[in-house]
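Where a number appears in this text, it was derived from the coordinates with a stated rule and is not lab data. Just so it is clear, the structure is predicted and the values come from calculations on it, not from any experiment. Note that each Cβ is placed from the backbone with ideal geometry, even for glycine, and that neighbours are counted across all protein chains shown.
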Amino acid sequence: MKFSSFLFLSAIFFIVMTGFKPPKNTDPKNDILYKKYGGDIEKMMAGERREDSLAHPYLYEDKKEAVDTSPGIDDESHILEHAEIMPQFPDGEKGLKDYIASATAFIPDTLVGKKANVTIKFYINTLGDAKNPKIIKIDDPSFELQTIMIVDGMPKWIPGKQNGKEINCYITLPIKYGQ
């Protein structure tokens, strides 16, 4: 008696856990809707859609939601060269000069005594982060990594604005070493 109840419970457990379903009848002639519409599948589909649309009109409404076309935070396809209000470094131009002076003062021993002019381009995203630095012009390639590290270590900027909305905007910055 215990073994048969165990088999029965095991079978029930298997059916529940695997989601076992009996095979469906694939012959359309046995379908109730097929008989209702006389075998015309196009008529059947049109009729059922119409009845369903009357019963559930909210399912068939043309939903035109407002599509947000504004660029994302790191959407590099929407970066402006110039904006109505360009990004601002905290404490303005003086703050930027002080930051660069302090960052270029502490350079690796291998670069001490060398001079270089580097122009770097990056963009400020809508959160104020400096992103994607690229060297535009460089006198001494040994300063490339140091310059990228300076940009990566920058504090948050005040993002640029276009039409009253924060946008991604490029900044081109010259940096002088050893001068």
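Here are the numbers:
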| read-out | value |
| --- | --- |
| Residue in the stretch 138-157 that is farther than 27 Å from K115 by Cβ and surrounded by 15 or more Cβ atoms within 10 Å (Cβ to Cβ) present | yes |
| Count of the stretch 110-132 residues which are assigned to a strand (DSSP E or B) and either hydrophobic (A, V, I, L, M, F, W, C) or surrounded by fewer than 17 Cβ atoms within 10 Å (Cβ to Cβ) (or both) | 11 |
| Pairs with Cβ under 9 Å, 6+ apart, first in the stretch 81-99 and within 23 Å of Q146 (Cα to Cα) and in contact (Cβ under 8 Å) with a residue 12 or more places away in the chain, second assigned to a loop (DSSP other than H, G, I, E, B) and charged (D, E, K, R) | P90/K156; Y99/D91 |
| Any hit, the stretch 117-131, residues being touching an Asp or Glu at 6+ places or on another chain (Cβ under 6 Å) and closer than 17 Å to Q179 by Cα | yes |
| Count of residues meeting criterion [within 30 Å of Q162 (Cα to Cα) and over 25 Å from the mean Cα position of the chain (by Cα)] in the stretch 110-135 | 4 |
| Pick from the stretch 85-109, criterion part of a loop (DSSP other than H, G, I, E, B) and surrounded by 12 or more Cβ atoms within 10 Å (Cβ to Cβ), ranking: nearest to the chain's Cα centre (by Cα) | P87 |
